[in-house]
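See below for the structure under consideration.
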Amino acid sequence: MPGFVEKPEPVRVPGLEHLHTGKVRDLYRNEAGELVMVASDRVSAYDWVLPTPIPDKGRILTRLSLWWFDQLADLVPNHVISTEVPAGAPDDWAGRVTVCRSLDMIPVEAVARGYLTGSGLAEYQRDRTVCGLALPPGLEDGSELPAPIFTPATKAAVGEHDENVSYEEVARKVGAETAAQLRQATLAVYNRARDVARDRGIILADTKFEFGRVVGVEDDEPLVLADEVLTPDSSRFWSGDEWQPGRPQKPYDKQVLRDWLSSPESGWDRAGEAPPPELPAEVVERTRGRYVEVYRRLTGVPWDRVAD
């Protein structure tokens, strides 16, 4: 069964309660009741958390999320309190920590799509719809949609697939008012991020967000943007200069390692029960290079100039 090839033991830090080990992040609660997220260098593909880390990945994702939270601060509140490393934590946590407000999370992956690809493309080719939303004929792999669409999904456990669901199902699950807020906030954030990325020569094809509410507030209060945001792990970024509908695009994500795992060179059978193998050094370095490049292109700062 997919999941962790080798699940890490949680780090024990005085004053922190370990809550969860995710695909990439470890979650703790401090004595003030705040959440402490620690981004590791773990990487996942095909529902497996691979045995080989990607150096600096956790720090890049953390720094890029913080940069995006700043870009979106006037649009939507977020969960960030600080990036202070807790006393007694290992030195390796530097640059990986986000101390956050504890929220009641909405149990929905809030997905926005501005371009046709991935599971949306497969559904469109079959039914001319994405998550049940009708789209015009003639679209290809990589086509820009007439307007961005909200295509929610269920949030899956480690080793399982997220599954696309209809807006009506979301409304039944979380209530009509919350579903409407979720769609509005998702598309507003996507539109802002799409324009920011486009100005930097990058296409934001699609992305997923997580939202929650401050504990005890009314349902008509704004949703709070949480978790990671607009990173290569949660988004499809393409090179704007090389974008051409009708063929696969140049991605800024972990497609390099997916391609290797699905190639004869890896010797791995995705349909079998054996876990994936260690990644070769060349694949690790190329994958790291994609994360570093998208960080530089978006923020304008080379990664080697970033200090923790």
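Data overview
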| quantity | calculated |
| --- | --- |
| Modelled label reach - GLU9, point 7 Å along Cα→Cβ, region 95-132 residues with backbone N closer than 20 Å | none |
| Sites ASP91 and ASP199, calculated FRET efficiency, Cβ-Cβ separation with R0 51 Å, nearest 0.05 | 0.90 |
| Pairwise FRET efficiency - ARG286 versus VAL215, Cβ, R0 = 41 Å, nearest 0.05 | 0.45 |
| Per-residue ³J(HN,Hα) for region 259-267, Karplus 6.51 cos²θ - 1.76 cosθ + 1.60, θ = phi - 60°, Hz, x for Gly and Pro | 4, 5, 4, 8, 8, x, 4, 6, x |
| For region 164-308, alpha-carbon Rg and Dmax in angstrom | 18.9, 54 |
| 3J(HN,Hα) from dihedral phi, region 135-143, Karplus parametrisation 6.51/-1.76/1.60, rounded to Hz, x for glycine, proline | 10, x, x, x, 7, 10, 4, x, 5 |
| Prolate/oblate/rounded call for the chain, Cα gyration tensor, a/c under 1.5 rounded | rounded |
| Residues whose placed amide H lies under 5 Å from that of VAL130, excluding near-sequence neighbours | LEU135 |
| Residues LEU19 and THR83, FRET efficiency given R0 of 22 Å [Cβ-Cβ distance, rounded to 0.05] | 0.70 |
| Residues whose placed amide H lies under 5 Å from that of ALA45, excluding near-sequence neighbours | LEU50 |
| Linear extension gain, ALA122 paired with SER239, 0.36 nm per residue minus alpha-carbon span | 39.9 nm |
| Alpha-carbon centroid distance for the pair region 16-91 / region 232-262, whole angstrom | 24 |
| For the chain: accessible area per residue (Å², 1.4 Å) | 47 |
| Length released on extending from LEU75 to GLU273, taking residue separation times 0.36 nm less the Cα-Cα span | 66.8 nm |
| Portion, in percent, of the accessible area of region 92-198 that falls on carbon or sulfur, probe 1.4 Å | 49 |
| Pairs of Lys in the chain closer than 19 Å at Cα, counting only those 8 or more apart or on different chains | 12 |
| Extension gain (nm, one decimal) between SER263 and ALA176, 0.36 nm per residue minus Cα-Cα | 26.8 nm |
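The values are calculated or read from the model by the stated rules, or taken from the named source; none is laboratory data. Predicted model, so just to flag it, every value in this text is computed and none were measured. Every residue, glycine as well, gets a Cβ built from its backbone with ideal geometry; the counts of neighbours run over all protein chains shown. All accessible areas refer to the heavy atoms of the entire protein, side chains included, with ligands and DNA or RNA removed. Shrake-Rupley method; radii C 1.70, N 1.55, O 1.52, S 1.80 Å.
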